[in-house]
Amino acid sequence: MRISRIFGLAFFTGFTGAMMPGPLLALTIGQVAAVGLIAVLWLMLGHALLEVVTLGLLLSGLRHVIARPRVRGAIGLVGGLALLYMGVDMVRSAPRLQLSLETGAPVPWLSLVLAGAAVCAANPYFLGWWATVGSGQIAHMAPRTSGEYLAFYLGHELSDVVWYTAVGLLVVGGKHLLHGAWYNWLVAICGALIVLLALAFLVAGTRLITAPVAPEGTPVAAAEE
C-alpha cells in the first residue's frame, strides 16, 4: 500500500512540472514535428537521466536529515507552500496558456538525449521544483526502502512520459488538435486538484511540527504511525 500511495502521489504531482509550457515542451513539439514520435523517447530519456542524478544528490543530503519528524514537517510545509503556489498559478494562468507549434530542425538521437537533460538543467523552474516540491514530497511520503524510493522516481517519470507522449501524438495526428480550450481546462482542473493536495501536505507538515515530543525525542504522532 505504501509503494502504491507513493507512486500515485509522485505521478499526480509530477504534472505540475510537465504540463506547464517551457523549453522542454517547446523542444518536444518541434522535434516530433521534425523527426516523429521517436523524439519523445530520446528527450524523456535525457530528462529522466538528469532527474535520477538530481534525486540522488537530493537524497544524499536529505536522507538522514528527514529521519527527524519535525524536520520532515518543516520541509513538507515548504514543499506544500510551493505546491500551493504552483497549483494556484496553474488555475490563474490557464486561460492565457498556449502551446507553441513551431517546427524545429531534425536533431540526431544522441543530441536529443543531451538536449532533454540540458534544457531542464538550464531551466530555473526545474531546479526550483526539486528544491521545494520534490524535497517536500520526499519529506511528506518518508520513503523507507529502495523500492519506495524507486516508486517515487518511476511515478514522477511516468507523469512526464504520459504528458509528453500525449502531446507528441497530437502533433503527429494534426497540429490543429493542439489548439482549443481543452488544454486550458485541463491545466485549470489539474491546478485545482494540486491545490487540494498542497493543503493535505500543509496539514501533515503542521501535525509533525506541532506534535508533542516523546522522551526519546520522537513526536507522538510520528510514533503512532
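Observations, loosely collected:
- Matching option when the condition is over 17 Å from Trp130 (Cα atoms) and touching an Asp or Glu at 6+ places or on another chain (Cβ under 8 Å), among Gly30, Gly17: Gly30
- Close pairs (8 angstrom Cβ cut-off, 6 or more residues apart or separate chains): closer than 17 Å to Ser146 by Cα and modelled with pLDDT of 75 or more in the range 1-23, outside any helix (DSSP H, G or I) and basic (Lys, Arg) anywhere: Arg2/Arg144
Quick grid of which residues meet (1) over 23 Å from Val203 (Cβ atoms); (2) of a type in the set (Gly, Ala, Ser); (3) buried (at least 18 other Cβ atoms within 10 Å of the Cβ); (4) without any contact (Cβ under 8 Å) to a residue 24 or more places away in the chain:
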position	(1), (2), (3), (4)
Ala131	no, yes, no, yes
Gln137	no, no, yes, no
Met141	no, no, yes, no
Leu150	yes, no, no, yes
Gly155	no, yes, yes, no
Leu158	yes, no, no, no
Tyr164	yes, no, yes, no
Gly168	yes, yes, yes, no
Val172	yes, no, no, no
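The values are calculated or read from the model by the stated rules, or taken from the named source; none is laboratory data. All of these numbers come straight from a predicted model, not from anything done at the bench. Counting neighbours? That spans all protein chains shown, and the Cβs are built from the backbone with ideal geometry, glycine included.
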